[in-house]
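One structure is given here, and the rest of the page talks about it.
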Amino acid sequence: VLFRSTWRVVMGGPQDILGDGRLLKTVEVEGDGPCPCKGQRVEVHYETRLAASQAKIDSTWDLNEAFDFILGDNQVLEAWELGVATMRPGERSVFTVDPSLAYGEDGAGDDIPGSATLEFTIELLTGKKPSTSSSSKVPDVAEQKAPNRLDKHEKDLPGESLRLQRAEDAKARGNELVRRGDFKLAQEAYREALNLLRGRSACAATDESGQARLTDLADLDSIRECKQLRLSCLLNLAQCDLKLDDYAAASRDASEALDLDPASCKALYRRGVARLASGDLECAKADLLKALQLDPRNADIRSRLEE
């Protein structure tokens, strides 16, 4: 647990949040208001750089697309959980992050090498007061696109393909952790992938009926690839939840998978198992019967129905 009273401030330098040099914070723009609380959904803009070379990895400012997550829900890197909890609405700060609080010895894909120290510039948008100040990196209103609409060239932005590649890398890392039996770390890898995919415009652009607006999307294959990757990560995440006896999370993740594919036998089965373990017998039975209709020869489903 991070107690803000323990922050160490080096005179004339950054704040040493943990007191051991692994997470340094330099405030560029002061914020105003209370820091976010655990369990609160927060929205941020961010930019990621390699500390050694200052090479930029990705940026939501480049995508003109903010990123949100639930604080304290293990959806993001540990450095983010600790750092964002110290921020005030409208604040923009640079966090210098030790590998132990980021991607560790393994790194992430081709862009983040193993044992890399990273710099994250983060602006907390949640609770930010409207301002006409030019100090923020957020583009002017005239430069912003309508929500969920793509420019005809947006699919070619490096950030979009990079985001998808990083999501695929995170999923592969999760799969390897599952093979090793480390379901807790696998959970984190799958959640990382899902967070990256959540921000992809190609996955989110829909009309009022929820159908993809193909006139706005130049690459239908990208939508399908994104959806399939999300579905796979959610199914794997639900399985990890079950392994860790986190039945509420398993039910939630399986339900989200069913939003993408209502005929997913695996999602129905895993939600049914979670509901069964939680004592929700009627709903569990309904899920398992639907799963059995989709896969009548599945012995595991039959066995669960007999419990």
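The values are calculated or read from the model by the stated rules, or taken from the named source; none is laboratory data. Just so you know, these numbers come straight off a predicted model, no measurement behind them. All Cβ positions, even for glycine, are placed from backbone atoms using ideal geometry, and neighbour counts span all protein chains on display. For accessibility, only protein heavy atoms count, side chains too; no ligands or nucleic acids. Shrake-Rupley method; radii C 1.70, N 1.55, O 1.52, S 1.80 Å.
The table for this structure:
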item: Greater than 23 Å apart at Cα, pairs in 38/171; 25/128; 38/266; 171/227; result: 38/171; 38/266
item: Integer Hz, Karplus 6.51/-1.76/1.60 couplings in order for the stretch 282-296, x for Gly and Pro; result: 5, 5, 4, 4, 4, 5, 5, 5, 5, 5, 5, 4, 6, 9, x
item: Accessible surface, per residue, of the stretch 253-307 when the full set of protein chains is kept, probe 1.4 Å, Å²; result: 59 Å²
item: Using θ = phi - 60° and Karplus 6.51 cos²θ - 1.76 cosθ + 1.60, couplings along the stretch 261-266 (whole Hz; Gly, Pro as x); result: 9, x, 9, 7, 5, 4
item: Mean Cβ count within 10 Å, highest first, over the residues of peptides 100-106, 234-240, 48-54; result: 234-240, 100-106, 48-54
item: In nm, spacing of pseudo-spin labels at residue 260 and residue 243 (7 Å Cα→C-beta vector); result: 1.8 nm
